[in-house]
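All remarks here apply to the structure that follows.
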């Protein structure tokens, strides 16, 4: 799946972040279902927004089904409450098995809990629409590109199929290489012995002509254990 693939995304919370995120996703060509407990919140939306608007709670199963959770590719909970965000994110991840789930967090001490559940987080102090888009959509743009355009640093969520496997098996010569792993909110350089854990975020250095190969390697179930 790449950046240009059309996805169905559910956004919970129509505050400043949620309204801007929903419109940005729709502008990028994705379908969006926006949930908020108050109908008045939808007044914040850009008038050009045409996606679904549902009054309800992000952790209510019936509301999520109506929003298209059974076919959703991504989910972001960006309300003003950590508890509702984590509950909504857990239901999206565990009940509906939505592949990409992101939650807004006010208390950084809870980041480790989210990471262990395989949920990406962004702290309020660092929150921007660009950051949520970067974490939410697979095949996202590189974090850094060298001046020649030959090398890129990209960030990917560890697929569940790679949990329990040696991450050095992701490497392919001089085409792409794992350089660091973020786990429970802490980044560390990738050693040859590091074993993948659910919730890991991978930082890979890749050649510009190897982007498709990286996605193929990540989607392939590794052979054997560690």
Given the residues 87, 21, 57, which is the only one that is outside the structural domain of residue 156 (by TED's automatic domain parsing), closer than 22 Å to residue 121 by Cα and crowded, with 20+ Cβ neighbours inside 10 Å? 21
Inspect all residues belonging to segment 35-44 and state whether any of them is surrounded by fewer than 18 Cβ atoms within 10 Å (Cβ to Cβ), over 13 Å from the mean Cα position of the chain (by Cα) and under 29 Å from residue 160 (Cα atoms). no
Out of 71, 110, I need the residue that is farther than 21 Å from residue 183 by Cα and surrounded by fewer than 21 Cβ atoms within 10 Å (Cβ to Cβ). Which one? 71
Would you confirm whether any residue within segment 85-99 is part of a loop (DSSP other than H, G, I, E, B), over 25 Å from residue 218 (Cβ atoms) and touching a helix residue (DSSP H, G or I) at 6+ places or on another chain (Cβ under 8 Å)? no
Go through the residues of segment 126-147 one by one and say whether even a single one is more than 27 Å from residue 10 (Cα to Cα), modelled with pLDDT of 90 or more and assigned to a strand (DSSP E or B). no
Please work out if residue 32 is crowded, with 22+ Cβ neighbours inside 10 Å, within 23 Å of residue 110 (Cα to Cα) and assigned by TED's automatic domain parsing to the domain that holds residue 121. no
Strands (runs of 3 or more DSSP E) wholly inside segment 162-221 that include at least 3 residues being in contact (Cβ under 8 Å) with a residue 24 or more places away in the chain: 176-183, 201-207
Tell me the residue from 78, 12 that is at pLDDT 95 or above and buried (at least 19 other Cβ atoms within 10 Å of the Cβ), please. 12
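Does residue 152 qualify as being at pLDDT 70 or above and either outside the structural domain of residue 22 (by TED's automatic domain parsing) or assigned to a loop (DSSP other than H, G, I, E, B) (or both)?
yes
The values are calculated or read from the model by the stated rules, or taken from the named source; none is laboratory data. In this text, all values refer to a predicted model and were calculated from it rather than measured experimentally. With ideal geometry, Cβ positions are generated from the backbone for all residues, glycine too; neighbour counts draw on all protein chains shown.
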